[in-house]
Amino acid sequence: MSTFPRTAALLTLSLGALASLPALAADDLHYNQVSLRAEASQEVARDLMIVTLYTEAQNADAAKLAAEITTAMNKAIGQAKQVKDVTLRQGSRNSYPVYDNKSQKITGWRERAELRLESSDFAALSKLTGELMQTLKMGNMQFAVGNAARKTSEDALLKEAVNAFKARAQLATDALGGKGYKIVSLNLNSNGYPQPFMRGPMMMKAAAADMESAPTPDIEAGTSEVSMSADGVIEVQMQ
């Protein structure tokens, strides 16, 4: 009568031991593992100029106001299309009611429409901006790293980031007294897009005056930092 329970108990114990083997093997993979991070960066010239112009008007007749804004924008777009290597994008367009201060009744409508211009040819875009500002106003001016320059920079930084990771991995291996290491995982990431540099209000005002008075004012766009990080895990082979 007692044979079956003992056999069942031994079988249960054996199955439990077998079930624990994969877990033990998985734990072994984490021995002598070290998480590391390395980063490479460089300053890249901002080669893209971005200008936002707008027109704004008010009229008691909403339809006439819309037609006025549309006419102004169409004229500006047609003029801008004549300039080579300038990319056009229509920005936001908003219309809202104007109320009487006392009666709070709607007395008219105000509308604003934006036009965004981009180019790596600063001289051409500066000249065009100056011409368009005869009828439009400047919303903002900013400079950024273009896609082509960013990709070229990131490709070069990828190699630098990997080499920096390897150097740090060897340093960690030496510190632990290991004879070598192998890379368990490695993730390479560009740390987002550099924020465009925007001119301050006073600088924008001065730039606007220059563009109206001179066809090709000198513009200093500056640089932005582009970086690439290498995050990974190595397994140190101990002696």
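The values are calculated or read from the model by the stated rules, or taken from the named source; none is laboratory data. Keep in mind the model is a prediction, meaning the values are calculated, not measured. Don't worry about glycine lacking a Cβ; one is built from the backbone with ideal geometry, like all the others, and counts go over all protein chains shown.
Does Tyr54 qualify as being of a type in the set (Phe, Trp, Tyr), under 34 Å from the mean Cα position of the chain (by Cα) and surrounded by 12 or more Cβ atoms within 10 Å (Cβ to Cβ)?
Considered against the rule, which asks whether it is of a type in the set (Phe, Trp, Tyr), under 34 Å from the mean Cα position of the chain (by Cα) and surrounded by 12 or more Cβ atoms within 10 Å (Cβ to Cβ), Tyr54 comes out as yes.
Conditions tested, residue by residue: (1) modelled with pLDDT of 95 or more; (2) more than 23 Å from Ala123 (Cα to Cα); (3) charged (D, E, K, R); (4) in the same structural domain as Lys151 (by TED's automatic domain parsing).
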site	(1), (2), (3), (4)
Thr52	yes, no, no, no
Ala57	yes, yes, no, no
Leu65	yes, yes, no, no
Glu68	yes, yes, yes, no
Met73	yes, no, no, no
Ala76	yes, no, no, no
Lys84	no, no, yes, no
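Being of a type in the set (S, T, N, Q) and in contact (Cβ under 8 Å) with a residue 12 or more places away in the chain is the filter; apply it to the stretch 164-185 and report the residue that is surrounded by the fewest Cβ atoms within 10 Å (Cβ to Cβ). First the steps, then the outcome.
Quick first cut of the stretch 164-185, residues of a type in the set (S, T, N, Q) only: 170, 173, 185.
Keeping just the survivors that are in contact (Cβ under 8 Å) with a residue 12 or more places away in the chain gives 173, 185.
Numbers: Thr173: 20, Ser185: 10.
Filtering first and then ranking leaves Ser185.
Report those strands (runs of 3 or more DSSP E) wholly inside the stretch 72-154 carrying at least 3 residues which are within 27 Å of Ser224 (Cβ to Cβ) and aliphatic (A, V, I, L, M).
Those strands (runs of 3 or more DSSP E) span 137-144.
The rows are residues; the columns are (1) hydroxyl-bearing (Ser, Thr, Tyr); (2) touching a helix residue (DSSP H, G or I) at 6+ places or on another chain (Cβ under 8 Å); (3) within 29 Å of Ala66 (Cα to Cα).
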residue: Pro97; (1), (2), (3): no, no, yes
residue: Lys102; (1), (2), (3): no, no, yes
residue: Ile106; (1), (2), (3): no, no, yes
residue: Glu114; (1), (2), (3): no, no, yes
residue: Ala123; (1), (2), (3): no, no, no
residue: Thr129; (1), (2), (3): yes, yes, yes
residue: Leu136; (1), (2), (3): no, yes, yes
residue: Val145; (1), (2), (3): no, yes, no
residue: Ala148; (1), (2), (3): no, no, no
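This table checks each residue for (1) in the same structural domain as Ser120 (by TED's automatic domain parsing); (2) under 26 Å from Ser35 (Cα atoms); (3) at pLDDT 70 or above; (4) among the hydroxyl-bearing types (Ser, Thr, Tyr).
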residue: Thr152; (1), (2), (3), (4): no, no, yes, yes
residue: Ala161; (1), (2), (3), (4): no, yes, yes, no
residue: Gln170; (1), (2), (3), (4): no, yes, yes, no
residue: Val184; (1), (2), (3), (4): no, yes, yes, no
residue: Gly192; (1), (2), (3), (4): no, yes, no, no
residue: Ser227; (1), (2), (3), (4): no, yes, yes, yes
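For the stretch 92-120, which positions are under 26 Å from the mean Cα position of the chain (by Cα) and surrounded by 14 or more Cβ atoms within 10 Å (Cβ to Cβ)?
Arg93, Ala113, Glu114, Leu115, Arg116, Leu117, Glu118, Ser119, Ser120
For the stretch 89-104, how many residues are in contact (Cβ under 8 Å) with a residue 24 or more places away in the chain and closer than 14 Å to Tyr54 by Cβ? Quick ask: steps written out before the conclusion?
Narrowing the stretch 89-104 to residues in contact (Cβ under 8 Å) with a residue 24 or more places away in the chain: 89-91, 93, 95, 98.
Those still in the list that are closer than 14 Å to Tyr54 by Cβ too: 89-91, 93, 95.
Result for the stretch 89-104: 5.
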